[in-house]
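Chemist: First, the structure itself, so that you have it in front of you.
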Amino acid sequence: MAKLVSVEEAVGLIKDGNTVMIGGFMGCGNPHKVIDALVKKGTKNLTVLCNDGAWPEFGVAKLITSGQVKKLIATHVGLNPEVGKKMNTGELQVELLPQGTFTERIRCGGNGMGGFLTQTGFGTIIADGKQVLSIDGKDYLLELPLKADVALICGNKIDRKGNVWYKGTTRNFNVVMATAADIVIAEADNVVELGEIEPENVVTQGIFVDYIVDGGNA
């Protein structure tokens, strides 16, 4: 059963040098209260997996601006000029992946798979250093799983057992990331009682969630 903790207790679980997955798309669906507390705590040398660097001073962008991220694995970063600036000065390593590859690598990590085959990126710098397999006369890249020490996700309604319902497009990468980390911390816009989310509306099952932060009262 997931445990309801304070935002300070939650970020205390994240250590210097951890690999952290953060759900969201352009900041939509980021766990904003947890991110703010992580910035305040000053945890450093993080490897962050997030779809993007968000908008300046919004969501995950705050961690980048504060210099707490040593490496960002993402699918695009053009919305946040700070990412390019830190790349050019050598303060931040950035690994860019095709969006489908990014998601599927995380899914493989969550499902215990050894990787997957794709033609996306073949013949480009994306293929550098990767194993190529030929199947039925076609060449494919072997893409390996992605996992994390901690995943930070956010849901609109989360019950006290950790079952999550997402509103609209906020579900984005939160769903797959909840499966692929040793510790999953879920920030709730609203903490509700068991049964208030209809079973068919549960998107992330509570078995994946270790800790809940009440974002409305963080």
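Chemist: For the stretch 1-96, state which GluC sites (Glu not before Pro) are in a DSSP loop and have at most 12 other beta carbons lying within 10 Å of their beta carbon. Please list the in-between numbers first.
Modeler: Details: sites: GLU8, GLU9, GLU57, GLU82, GLU91, GLU95; in loops: GLU57, GLU91.
For GluC sites (Glu not before Pro) across the stretch 1-96 that sit outside H, G, I, E and B with at most 12 neighbouring Cβ atoms in 10 Å, the list reads GLU57.
Chemist: How much mean residue ellipticity at 222 nm does the chain get from its helices, if each DSSP H run of length 4 or more adds -39500 (n - 2.57) and you divide by all residues, to the nearest 500 deg cm²/dmol? Display every interim value, and only then the final one.
Modeler: Numbers: 6 runs with 46 residues, N = 218.
Result for the chain: -5500 deg cm²/dmol, rounded to the nearest 500.
Chemist: OK, next. Would you mind ranking MET113, MET26, MET21 so that the residue whose beta carbon has the fewest other beta carbons within 10 Å leads the list? Kindly include the intermediate steps, with their values, before the conclusion.
Modeler: Working: MET113 13, MET26 20, MET21 28.
Ordered by Cβ neighbours within 10 Å, fewest first: MET113, MET26, MET21.
Chemist: Moving on. Enumerate the calculated ³J(HN,Hα) couplings along the stretch 183-194 in order (Karplus 6.51 cos²θ - 1.76 cosθ + 1.60, θ = phi - 60°), each rounded to whole Hz, writing x wherever the residue is Gly or Pro.
Modeler: Calculated HN-Hα couplings, in order: 10, 10, 10, 10, 8, 9, 5, 9, 8, 10, 7, 4 Hz.
Chemist: Counting Lys and Arg as +1 and Asp and Glu as -1, each charge on the Cβ, what is the dipole of the chain about the Cα centre in debye, to the nearest 20? Each step should come with its number before you reach the end.
Modeler: On the way: 21 positive and 25 negative charges, 83 e Å.
Computed charge dipole of the chain: roughly 400 debye.
Chemist: By count of other Cβ within 10 Å, fewest leading, how are ILE125, ILE73 ordered?
Modeler: Values: ILE125 8, ILE73 21.
Exposure proxy ranking, most exposed first: ILE125, ILE73.
Chemist: Counting only the backbone N, which residues of the stretch 7-41 are under 18 Å from the spot 7 Å out from the Cα of MET87 toward its beta-carbon?
Modeler: Answer for this model: 26-27.
Chemist: Between ASP139 and GLU95, what's the calculated FRET efficiency when r is the beta-carbon distance and R0 is 30 Å? Round to 0.05. Don't skip to the answer; put the middle values down first.
Modeler: Numbers: r = 22 Å, r/R0 = 0.74.
About 0.85, to the nearest 0.05.
Chemist: Another one. With labels modelled as points extended 7 Å from the Cα through the Cβ direction, what inter-label distance (nm, one decimal) is found for HIS76 paired with LYS130?
Modeler: The modelled label-to-label distance comes out at 1.9 nm.
Chemist: What nm value, rounded to one decimal, do you get for the distance between ASP16 and PHE122 when each label is placed 7 Å out toward the C-beta?
Modeler: Roughly 4.5 nm, to one decimal.
Just so you know, all these numbers are worked out from the coordinates, no wet-lab data involved. Just so it is clear, the structure is predicted and the values come from calculations on it, not from any experiment. Cβ atoms come from the backbone with ideal geometry, glycine included; neighbour counts cover every protein chain shown.
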